[in-house]
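Visitor: Can you read through this structure? Questions will come right after.
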Amino acid sequence: MRLKLSKEAKVGLLAIVSLSMLYFGFNFLKGRGFFSNNNTYYISYDNTNGLIVSNPVTIHGVTVGMVTNMRLNKEKSKVVVEVEVDANVAIPKGSVALLRENGLLGGMQIELLLSNSQDMHQEGDTLLSNKEDGMLTAIEKRTKPIVEKLDSTLTLVNNILISFKGVGEVSKNTLQRFSSSAAELQAMVQENRPLLYGTLQNVQQISNNLNRATTPLPQTMQKLSAVADSLQHLPLQQTIEQTRQSLAALQQVLEQANDPTGSMGALLHDKALYQNLVELSADLDKLLIDLRKNPRRYIKVSVF
């Protein structure tokens, strides 16, 4: 006997089956098994940094659960994250749920850092939370001082460029003056070219004369060397010694002459002797005069 269903019953049965398949399919796509046994835990974060529902919960890189829900707390100051973890995985108290990046693509995950406690969390407990700086955040922290220094450097360069704003005009005027001076110098050279040519010829002639004048210098130097050698072989030491002895003898004679007790000194220093010599000279002079006038008085001539 066949069971006959009305069209309405068939439609209702089809709808129930479709909704069931949709529910289980949605859970399957989120990572939940059809008959899996999971424990639910809660984690509170200041900022989830892009965490979304269905992101994995891992222990040492092994997926043990997933994010199932996210909502704000009553004060709207934190985000409460609901996760489901395999019931076979016991979570000790004091474990930390670390929010971190999942690879280079920038996805997020929750890494459970298990503690060594013997007491285990129960389903519905709130786990301790912490966050790890992502790659972009780390790069931002490292590059921020560089960017600040670069900004200050660019500001300094900009100020320098502003301060040198008028340098271009000054340089242009200076180049124009140099150009005009060069033109004047070229004109002066063209005008005095004959004079410069004659001056250069004179300098060349002087150079040639100097060359000719310096030609006998080696011979002259040889002669001077020969004279120096001759002087070197002269008995200069003996001559100097003889001169020293002569000067010593002369010094001795002068000392004797200055000594009034000696014969020479007496002759030079005795005033009476000097006066007698003067009187004798006067008498001799008178005698010679009288001899010239009266020769017969002194010379007798006899005739045989």
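Rule-based calculations on the coordinates, nothing more; no lab input. This one's a predicted model, so the numbers in the text were calculated from it and none came from an experiment. As a convention, Cβ positions derive from the backbone with ideal geometry for all residues, glycine included, and neighbour counts pool all protein chains shown.
Visitor: Give me the net charge of LEU128's neighbourhood, meaning all other residues with Cβ under 13 Å from the Cβ of LEU128; Lys, Arg count +1, Asp, Glu -1.
Guide: Residues near LEU128 contribute 0 overall.
Visitor: Ok, one more. Cross-link partners among aspartates and glutamates for LYS74, C-alpha distance below 17 Å, same-chain residues fewer than 8 apart left out?
Guide: ASP46, GLU82
Visitor: Separate question: If you average 1/r over every pair of different alpha-carbon atoms in region 37-132 and take one over that average, what Kirkwood value in Å do you get?
Guide: One decimal place: 13.3 Å for the Kirkwood radius.
Visitor: Further question on the same structure: May I ask for the net charge around VAL79, where only other residues with Cβ less than 14 Å from the Cβ of VAL79 are counted and Lys, Arg are +1 while Asp, Glu are -1?
Guide: Combined, the nearby Lys, Arg, Asp and Glu give +2.
Visitor: By the scheme Lys and Arg +1, Asp and Glu -1, what is the net charge of all other residues having a beta-carbon under 12 Å from that of PRO92?
Guide: Summing Lys/Arg as +1 and Asp/Glu as -1 gives -1.
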